[in-house]
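Just below is one structure, and these are the notes that go with it.
Each reported figure results from applying straightforward, stated rules to the coordinates on display, with no laboratory input. Quick caveat: nothing in here was measured; it's all calculated off a predicted structure. As a convention, Cβ positions derive from the backbone with ideal geometry for all residues, glycine included, and neighbour counts pool all protein chains shown.
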Amino acid sequence: MTPRKTGLREYCRSALARGASWARVVPASYVVTAPWVRYKCRFGCGSYGARHLCPPNTPTPEETAAVVECYRTAILLMYESGPKGGERPLRRKVHRAVLALEREIFLDGFHRALAFVAGPCNLCRTCDVSKPCKLPGEPRPAMEACGMDVFATFANAGVKLDVVRDAGDPYKLCATVLVE
Ligand code: SF4
């Protein structure tokens, strides 16, 4: 069996090698959940109810808070959009990178490793909630889809995220892996 990495910061290096612009090991208590997050999905996002991994098909903030309490350590991850859009392919790329990191951590013996990505799952071109997920076991929900307050979570790690004002503006995709 592959030995465990000597320290969790090695997973940050793995994340950077897979395209993250920033990665940090933090106490899991930095991950903030709040009831209002789901309302932002429900009122203002066209993916609400339209995708398997979007609310109301995802865990509630209360359920997520209970799960986060099971962990001591998390890794926060950030990816840059670049100067111009291309959101769908980028989100897919980030989703796969975060999944690969979760798998690496899991295979190193952290059997509870659990990833949360950024934005609605778009691993497939279409997502039909009247049929089973086409890639069962593969996709992970977004932080915000599970009621995590991404702004407050990253602020706890000293990162101030700005609201994106215009559609063409660069933005950051934020993800996390609960580790142990
Ligand atoms: S993997 Fe495909 S079917 Fe499953 S949630 Fe993602 S987009 Fe929908």
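Things worth noting here:
- Any hit, region 86-106, residues being within 24 Å of VAL37 (Cα to Cα), more than 11 Å from the ligand (Cβ to nearest atom) and in a loop (DSSP other than H, G, I, E, B): no
- Cβ-Cβ distances below 7 Å connect the following pairs, each with a first residue in region 120-131 that is free of Cβ contacts under 8 Å to residues at least 24 places away in the same chain, a second residue that is within 7 Å of the ligand (Cβ to nearest atom), and a separation of six or more residues or different chains: CYS124/LYS134; CYS124/LEU135.
Quick grid of which residues meet (1) among the small types (Gly, Ala, Ser); (2) within 16 Å of the ligand (Cβ to nearest atom):
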position	(1), (2)
ARG13	no, no
ALA17	yes, no
SER29	yes, no
ALA34	yes, no
VAL37	no, no
PHE43	no, no
GLY49	yes, yes
HIS52	no, yes
THR60	no, no
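- Residues within region 138-155 that are touching a Leu at 6+ places or on another chain (Cβ under 6 Å) and either farther than 24 Å from LYS40 by Cβ or away from the ligand (no atom under 11 Å from the Cβ) (or both), tallied: 2
- Verdict on LEU135 being within 16 Å of the ligand (Cβ to nearest atom), among the hydrophobic types (A, V, I, L, M, F, W, C) and surrounded by fewer than 14 Cβ atoms within 10 Å (Cβ to Cβ): yes
- Taking the criterion of being within 16 Å of the ligand (Cβ to nearest atom) and on the phi < 0 side of the Ramachandran plot, the residues of region 107-122 that qualify are ALA115, PHE116, VAL117, ALA118, PRO120, CYS121, ASN122.
- Selection of region 156-170 for residues being of a type outside the set (A, V, I, L, M) and in a loop (DSSP other than H, G, I, E, B) yields GLY158, LYS160, ASP162, ARG165, ASP166, GLY168, ASP169, PRO170.
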